[in-house]
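Please treat every number below as a calculation from the coordinates, not as lab data. Quick caveat, the model's predicted, so the values are computed rather than measured. As a convention, Cβ positions derive from the backbone with ideal geometry for all residues, glycine included, and neighbour counts pool all protein chains shown.
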2 protein chains.
Amino acid sequence: MGTVDFWCEWAWFGGDRPASGVLVGARDGRIESIVTGTPTPPRRSRILRGLTLHGVANGHSHAFHRALRGRTHGGRGDFWMWREAMYRVASVLDPELYHRLARAVYAEMVESGYTAVGEFHYLHHPLGGGRYRDPNVMGEALIAAAAEAGIRLTLLDTLYLHGGLGEHGYEPLSLPQARFGDESAEAWTERVGRFDPGSDARMGVAAHSVRAVDPRSLEVVATLARERKLVVHAHLSEQPAENTAAMFNHGLTPTGMMARAGLLGRDFTAVHATHLSSDDIELLGSSESTVCMCPTTEADLGDGVGPSARLLSAGARLCVGSDSHAVVDPFTEARSIELNRRLVDGVRGVHHVTDLARALTNDGYRSLGHLAPDGGPWDPFAIGAPCDLVTVGLNSVRLAGHGPRALLPAVLFSATASDVTDVVIDARVVVAEGRHVRIDAAAELATVLDDLWNRDW
Amino acid sequence: MGTVDFWCEWAWFGGDRPASGVLVGARDGRIESIVTGTPTPPRRSRILRGLTLHGVANGHSHAFHRALRGRTHGGRGDFWMWREAMYRVASVLDPELYHRLARAVYAEMVESGYTAVGEFHYLHHPLGGGRYRDPNVMGEALIAAAAEAGIRLTLLDTLYLHGGLGEHGYEPLSLPQARFGDESAEAWTERVGRFDPGSDARMGVAAHSVRAVDPRSLEVVATLARERKLVVHAHLSEQPAENTAAMFNHGLTPTGMMARAGLLGRDFTAVHATHLSSDDIELLGSSESTVCMCPTTEADLGDGVGPSARLLSAGARLCVGSDSHAVVDPFTEARSIELNRRLVDGVRGVHHVTDLARALTNDGYRSLGHLAPDGGPWDPFAIGAPCDLVTVGLNSVRLAGHGPRALLPAVLFSATASDVTDVVIDARVVVAEGRHVRIDAAAELATVLDDLWNRDW
């Protein structure tokens, strides 16, 4: 790849407000130069009209959950009943179908304004147990899907050992869960050790949760992550029942268990972290862990509203994830962090708008392991950073009449995924005029979901 | 107007699920015939591909609040601080600017899928007090705006007498509030009595709230509504402070005050009804009152989550309103009723999907006074009902792969305003291919808001 220039009508750099007329030069997928105060686009530059954000991270994805969108609202239920439906979908996927589904889902993500995704991947093995001949074939299907869709993937290979944590300790895996499980933490370590993601993806690891991973195995995950310098994610306290089970069996909160296992720290992302004690918040904050909030999923599943502002104050970072993909829309995700707290707290402006924007961009990238050479997070638009850009058009009825002095809040509180016009990843144009340039995302979703739901289960 | 036929690929009739191949014949703006099971569109019929709902009502609008969208997220605050910003906008509007703003806002509403609106109108008088030569000129500006935008308007002429309810009783109107106030309930009655909305709008009335209208004046509103057979609306318990003030001064909850004044009943709509006692819920339910929830505004302003399911169980009806227009999206509004309760209650399926759809359609129309000849609510698609149709395309990435057996939940939980392709009001096509056929809504919004914000205040 040679050099390519992108001219942004407006671009948000991470300060208080966006700058106008920003020329971004890229080489080999990375930002090479930035010139502000360029009122007119130079010839041959790619014109990005509207507000451009640096890359937007989807910190938590289960690609196959997309199959359940709109299909589980028929009656009463709760998180645990929804999970049974999700297990049924998990049971029907083979590597070929999983690849097709993930490709369409990742294409939807890019069209909706995400440039990077963390796939929390636990659908490893064939139905009924055992291993595929290539034990990482399901992960490879995801890597191929992401490469075709053009999204930057961090594959979080997830350890899942137990079916749950009940009154009598850890429970065996159920039939659908057997696909998720390696025989032991050591077997998982061995398999992950042999997994070469190639140049199309970044590797990360995850412990599913304290429900699925016992304390000794949590330590194995922490050790592997430390030795291989990988980011590590885990579901944490999404439901009160998890807290109860952890206290009953281990005398610790799930956060306390993670801390004791040595997981917390700058490379650690706790997903959800909805039901936390004050001590939990202090542990996550003082360790500078990241918390990935998934507010649209947390609303869909009735999880509750997490202590986002207290976590930030304590020193934690925030990022967002679309998780179950009931909604795929980074702007809805970011503003829901604030709006859900307003509903609970009765006050406005619980978060600064720039904190919400940082969660979408810098801190999301950090959570997925996209770090600067010094190991710290990239500043947006830093020289050398990945050239990933998301442009939101300002001419829809939703944004019309925005204030130029309040452009960032206007976009974060009023834009929807349908307002994304252009997406650039690795300096390549992946979305133009609101459509993926190579994949008809809606058509592929329709075909693969029709195929999936019409199989014999 | 002659006859015109609309062929709906799918249409929701109010039963458990949509029907396919529905031919709707209209004459003079009303439905004349309905033929189901028509698999292919007849020649000359207008083809509506996707899911068509009968008219969708926006039960609560303050058109001018649209000017604040995205502009009040700069710092901390609460409902009362937001209200100060809103008063500043109110102070700059004259009939000409108000007409232009409302026309653009109503065009946005139609493009977003609303076919009818209830405008809770209290911006009656010139800044500084007194009356315009035509004392209803501001209301007439709204009527003209709605007629041009093609939306069905119920103008709820609102009584607003006092600046607030404090420790020492009712407070005088502040300078910005002086525009809202008639001298007395009798002066308001006299002005409303002279207000002829013509054929372009339906008349209704409102009492602003128990903060702005004293008990005796509430009775005047109830009497006028009863005598003239008008629907009557009122803000109710949006904030806990209103409840405290009502109890302190009157020994009753706001709902209790409304009940004592004779307001409750089938023609009454309580707007918000967020902070209710069990007795309040029983009063609203047993009187078969309607509650207009405005969940996107209630989140934006940190109001809280109202007891929607308990109200329905008690016998009340629900409808939705976009209120402050922070968001104009009927699907987001409807699903937020359910999703906000999930956040609070921790369970899914608190409401039946058809209850949410009824709130958008039948019960919204009832709240706005669009009643069948027997005085009851229209059934959707009943012969003789207004021919108002909203079609949602099913081919976006949001809806792709929906289940045909779960089409209504797919649309209510996954569609956004940007998925509305066609809107028919009074048997006339107002939106085609997602755009208003006569008004460039986004361009007019941009122009009028630019003008408004650049005036000397």
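Candidates are the residues of the range A:265-302 that are among the charged types (D, E, K, R) and touching an Asp or Glu at 6+ places or on another chain (Cβ under 8 Å); the one that is farthest from A:His235 (Cα to Cα) is A:Arg266.
If the condition is being closer than 29 Å to A:Leu343 by Cα and buried (at least 18 other Cβ atoms within 10 Å of the Cβ), then the range B:87-100 contributes B:Val89, B:Ala90. Scanning the range B:304-329 for residues that are within 13 Å of chain A (Cβ to nearest Cβ) and among the charged types (D, E, K, R) gives a single hit, B:Asp329. With respect to the conditions (1) touching a residue at least 24 places away in the same chain (Cβ under 8 Å); (2) not in a loop (DSSP other than H, G, I, E, B), A:Pro41 falls short on a single one, namely (2).
Okay, residues lined up against (1) crowded, with 22+ Cβ neighbours inside 10 Å; (2) under 25 Å from A:Arg133 (Cβ atoms); (3) over 23 Å from the mean Cα position of the chain (by Cα):
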residue	(1), (2), (3)
A:Ser199	no, yes, no
A:Pro240	no, no, no
A:Ala245	no, no, yes
A:Asn249	no, no, yes
A:Met258	yes, no, no
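Take B:Leu23 and decide whether it is buried (at least 18 other Cβ atoms within 10 Å of the Cβ) and part of a strand (DSSP E or B). Judged against the criteria, B:Leu23 is a match. Restricted to the range B:78-99, and to residues there that are part of a helix (DSSP H, G or I) and over 16 Å from B:Ser324 (Cβ atoms), the residue that is farthest from the other protein chains (Cβ to nearest Cβ) is B:Pro95. Residue count for the range A:224-263 under the criterion of being within 14 Å of chain B (Cβ to nearest Cβ), hydroxyl-bearing (Ser, Thr, Tyr) and under 15 Å from A:Val213 (Cα atoms): the result is 1. Here A:Thr332 clears all of (1) closer than 17 Å to B:Arg335 by Cα; (2) more than 15 Å from the chain's Cα centre (by Cα) except the condition numbered (2). The condition (being surrounded by fewer than 22 Cβ atoms within 10 Å (Cβ to Cβ) and out of contact with any Phe, Trp or Tyr (no Cβ under 8 Å at 6 or more places or on another chain)) is satisfied by just one residue among B:Leu224, B:Leu236: B:Leu224. The residues on offer are A:Ala141, A:Ala145, and the sole one that is among the aliphatic types (A, V, I, L, M), out of contact with any strand residue (DSSP E or B) (no Cβ under 9 Å at 6 or more places or on another chain) and either within 14 Å of another protein chain (Cβ to nearest Cβ) or assigned to a helix (DSSP H, G or I) (or both) is A:Ala141. When residues in the range A:100-127 are screened for being of a type in the set (A, V, I, L, M, F, W, C) and within 13 Å of chain B (Cβ to nearest Cβ), 6 of them pass. Scanning the range A:398-457 for residues that are more than 8 Å from chain B (Cβ to nearest Cβ), part of a loop (DSSP other than H, G, I, E, B) and surrounded by fewer than 24 Cβ atoms within 10 Å (Cβ to Cβ) returns A:Asp426, A:Glu433, A:Gly434, A:Val437, A:Arg438, A:Ile439, A:Asp440, A:Asn454, A:Arg455, A:Asp456, A:Trp457. Are any residues in the range A:1-14 touching a helix residue (DSSP H, G or I) at 6+ places or on another chain (Cβ under 8 Å) and surrounded by fewer than 21 Cβ atoms within 10 Å (Cβ to Cβ), and if so, which ones? Of everything in the range A:1-14, just one residue is touching a helix residue (DSSP H, G or I) at 6+ places or on another chain (Cβ under 8 Å) and surrounded by fewer than 21 Cβ atoms within 10 Å (Cβ to Cβ), namely A:Gly14.
Taking residues in the range A:330-343 that are more than 8 Å from chain B (Cβ to nearest Cβ), and partners anywhere that are part of a helix (DSSP H, G or I) and of a type in the set (Phe, Trp, Tyr), the pairs with Cβ atoms closer than 6 Å and at least 6 places apart or on different chains are A:Arg335/A:Phe413. Does A:Leu123 qualify as being in contact with a Pro (Cβ under 7 Å, 6 or more places away or on another chain), within 27 Å of A:Phe268 (Cα to Cα) and in contact (Cβ under 8 Å) with a residue 40 or more places away in the chain? No; evaluated as a whole, the condition is false for this residue.
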